[in-house]
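S.K.: Would you mind keeping the following structure in view while I ask a few things?
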Amino acid sequence: MPVLVMKFGGTSVATLDRIRRAAKRVGVEVAKGYDVIVIVSAMSGETNKLVGFVEETSPLFDAREYDAVVSSGENVTAGLMALTLQEMDVPARSWQGWQVPLVTTSQHSSARIVDIPTDNITRKFGEGMKVAVVAGFQGISPEGRITTLGRGGSDTTAVAFAAAFDAQRCDIYTDVDGVYTTDPRICDKARKLDKIAFEEMLELASLGAKVLQTRSVELAMRYKVKLRVLSSFEEQSDEAGTLVCDEEEIMELNVVSGVAHSRDEAKMTLVAVEDRPGIAAGIFTPLSEAGINVDMIVQNISDEGHTDMTFSCPVNQVARAEKALKAAMEAGNIAFSELVADTEVCKISVVGIGMRSHTGVAAKMFKVLSEEGINIKVITTSEIKISVLVERKYMELAVQALHHAFDLDKAS
Ligand code: ASP
Ligand code: MG
């Protein structure tokens, strides 16, 4: 029998009634002849609540016990989903991560999947079981302790199962009906995409589009898992949602497929650092040791053997970054005349595979921003992405103007 993976996020299993609706959808796929692996998240809000319990009990918590507690939300929904399916006369049973066993590394709270043996579940399918309901987000370490895969990790569980079982497709049911050209809350002309290439989705996910965990997209790309994002709240056809797929499957590649934004960024500049080998390492080593997520980096040549070094990071890490850099200066590892933090910036990015073969995208982006009177503070590019830092108060305007200029607006 062909295997289908169906993943239900927290809002899709938030109540017994929603679990019933999700189970009905599973029943439809079973009736089509699929053996189905259902991956469930915890009921919405549940994981946050469990994280809160842990933090309140023990501020410097033991990560192994954190995982033991926060993984439990998925156990509840897995059992309830199996029971609901049984009530509908669909042969189903639940599996916790360790029962599969889904083996991970020992990095508690952000473990990586190492292995998913398929024999247990395949044997059950052979004995007439139609649905294996698996608790998402969790696994077992080589030491035999429960692990979790990081927030949003059920997406990664789902894609990993689809790869391991060579599933026909991995359907991610969520509370939005697909992947959009930009955030519909910022731009009312945002349009749902029918298809998006893995690489574009990867850029959009890491730029803050929360619909899929970034690692799940990486895995899908590596194993060529056909991923579909769709709503569990609407009636579905086979074409519903957005298909995340190989670029070969997309007829006409967009030059730009999406405009992403990240609101809470900061730009930090070290003024007049020495221009000599080892200075960049001297700056970014203490930052990485302090856990700062440095994003863009620009070095400007200034005069007399000195240079300015600018980088961006999340705004809530500015104080920690300042502390790390001042400590490095006091230790005599680096020297700078001034440290300037601009905490009023945001990042705007345009993403599209078609950029590889089209020139002029950057020029057009800069022109559009200038016509709106928006000053660009930092620019970075990759093969399929151009990002700029601009003043945060222009974020909505910049997104809307770029969305329009790159012909992404929905037909009205
Ligand atoms: N329940 C977990 C979380 O909220 C995992 C998931 O839902 O993907 O992060
Ligand atoms: Mg999620």
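The values are calculated or read from the model by the stated rules, or taken from the named source; none is laboratory data. These numbers were taken from a predicted model, which means no experiment stands behind them. Here the Cβ is made from the backbone with ideal geometry for all residues, glycine too, and neighbour counts use every protein chain on show.
S.K.: If D188 satisfies all but one of (1) more than 17 Å from R169 (Cβ to Cβ); (2) part of a helix (DSSP H, G or I); (3) not hydrophobic (A, V, I, L, M, F, W, C), what's the number of the condition it fails?
M.R.: (2)
S.K.: Looking only at residues in segment 121-153 that are more than 15 Å from ligand 1 (Cβ to nearest atom), of a type in the set (A, V, I, L, M) and not in a strand (DSSP E or B), which one is farthest from F165 (Cα to Cα)?
M.R.: Filtering first and then ranking leaves M129.
S.K.: For segment 1-31, enumerate the residues that are closer than 25 Å to P117 by Cβ and either away from ligand 2 (no atom under 16 Å from the Cβ) or more than 26 Å from the chain's Cα centre (by Cα) (or both).
M.R.: Start the filter on segment 1-31 by keeping residues that are closer than 25 Å to P117 by Cβ, which leaves 1-8, 26, 29-30.
Within segment 1-31, M1, P2, V3, L4, V26, E29, V30 meet the criteria.
S.K.: Can you find a residue in segment 55-74 that is hydrophobic (A, V, I, L, M, F, W, C), at negative phi and within 16 Å of ligand 2 (Cβ to nearest atom)? Outline the logic, then answer.
M.R.: At the first step, the residues of segment 55-74 found to be hydrophobic (A, V, I, L, M, F, W, C) are 60-61, 63, 68-70.
Right, trim to at negative phi and you get 60-61, 63, 68-70.
Now drop any that are not within 16 Å of ligand 2 (Cβ to nearest atom), which leaves 70.
Checked segment 55-74: at least one residue is hydrophobic (A, V, I, L, M, F, W, C), at negative phi and within 16 Å of ligand 2 (Cβ to nearest atom).
S.K.: Kindly establish whether A158 is closer than 23 Å to R222 by Cβ and more than 16 Å from ligand 2 (Cβ to nearest atom).
M.R.: No: the conditions fail for A158.
S.K.: Do we find that A68 is more than 20 Å from A160 (Cα to Cα), surrounded by 14 or more Cβ atoms within 10 Å (Cβ to Cβ) and in contact with a strand residue (DSSP E or B) (Cβ under 6 Å, 6 or more places away or on another chain) in this structure? Even if it seems obvious, please write down each step before you answer.
M.R.: Numbers: more than 20 Å from A160 (Cα to Cα): yes; surrounded by 14 or more Cβ atoms within 10 Å (Cβ to Cβ): yes; in contact with a strand residue (DSSP E or B) (Cβ under 6 Å, 6 or more places away or on another chain): yes.
Taking the combined requirement at face value, the residue satisfies it.
S.K.: Inside segment 203-238, can you point out the residues that are buried (at least 16 other Cβ atoms within 10 Å of the Cβ), among the small types (G, A, S) and in a loop (DSSP other than H, G, I, E, B)?
M.R.: Result: A209, S232.
S.K.: Let me ask another. Please count how many residues of segment 154-164 are buried (at least 24 other Cβ atoms within 10 Å of the Cβ) and either within 11 Å of L102 (Cβ to Cβ) or within 8 Å of ligand 1 (Cβ to nearest atom) (or both). Break it down stepwise before answering.
M.R.: Our first condition is that a residue be buried (at least 24 other Cβ atoms within 10 Å of the Cβ); within segment 154-164, this holds for 154-162.
Retained after the next criterion (residues that are either within 11 Å of L102 (Cβ to Cβ) or within 8 Å of ligand 1 (Cβ to nearest atom) (or both)): 154-157, 160-161.
The number of residues fulfilling the criteria is 6.
S.K.: Related question: Say we look at segment 32-50 and pick out the residues that are hydrophobic (A, V, I, L, M, F, W, C) and within 16 Å of ligand 2 (Cβ to nearest atom); which of these is farthest from R169 (Cα to Cα)? Please lay out each step first, then the result.
M.R.: Kept after step one, since they are hydrophobic (A, V, I, L, M, F, W, C), are these residues of segment 32-50: 36-40, 42-43, 50.
Going one step further and asking which of them are within 16 Å of ligand 2 (Cβ to nearest atom), we end up with 38-40, 42-43, 50.
Values: V38: 12, I39: 13, V40: 16, A42: 22, M43: 24, L50: 32 Å.
Step by step, filter segment 32-50, then rank; the result is L50.
S.K.: Quick one: which residue in T77, T104, T147, T118 is within 16 Å of ligand 2 (Cβ to nearest atom), closer than 27 Å to E218 by Cα and touching a residue at least 12 places away in the same chain (Cβ under 8 Å)?
M.R.: Details: T104 fails: within 16 Å of ligand 2 (Cβ to nearest atom); T147 fails: within 16 Å of ligand 2 (Cβ to nearest atom); T118 fails: within 16 Å of ligand 2 (Cβ to nearest atom).
Exactly one of T77, T104, T147, T118 is within 16 Å of ligand 2 (Cβ to nearest atom), closer than 27 Å to E218 by Cα and touching a residue at least 12 places away in the same chain (Cβ under 8 Å), namely T77.
S.K.: Separate question: Restricting to segment 1-31, and then to whatever is in contact (Cβ under 8 Å) with a residue 40 or more places away in the chain, of a type in the set (A, V, I, L, M, F, W, C) and not in a helix (DSSP H, G or I), can you tell me which residue is farthest from D175 (Cα to Cα)? Before you say what the answer is, go through the steps one by one.
M.R.: Going through segment 1-31, the residues in contact (Cβ under 8 Å) with a residue 40 or more places away in the chain turn out to be 1-9, 11-13, 16, 18-27, 30.
From the residues that got through so far, the ones that are of a type in the set (A, V, I, L, M, F, W, C) too are 1, 3-6, 8, 13, 16, 19, 22-23, 26, 30.
Now restrict to residues that are not in a helix (DSSP H, G or I): 1, 3-6, 8.
On the way: M1: 29, V3: 24, L4: 20, V5: 18, M6: 14, F8: 10 Å.
Top of the filtered list is M1.
Yes/no per residue for (1) exposed (fewer than 14 other Cβ atoms within 10 Å of the Cβ); (2) among the small types (G, A, S); (3) in a strand (DSSP E or B); (4) modelled with pLDDT of 95 or more:
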residue	(1), (2), (3), (4)
A341	no, yes, yes, yes
S349	no, yes, yes, yes
T359	yes, no, no, no
K364	no, no, no, yes
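S.K.: Give me the pairs: first residue in segment 205-218 and in contact (Cβ under 8 Å) with a residue 24 or more places away in the chain, second residue away from ligand 1 (no atom under 14 Å from the Cβ) and of a type in the set (S, T, N, Q), beta-carbon distance under 7 Å, and six or more apart or on different chains, which are they?
M.R.: Final answer for the pair search is L207/S262; L207/S349; G208/S262.
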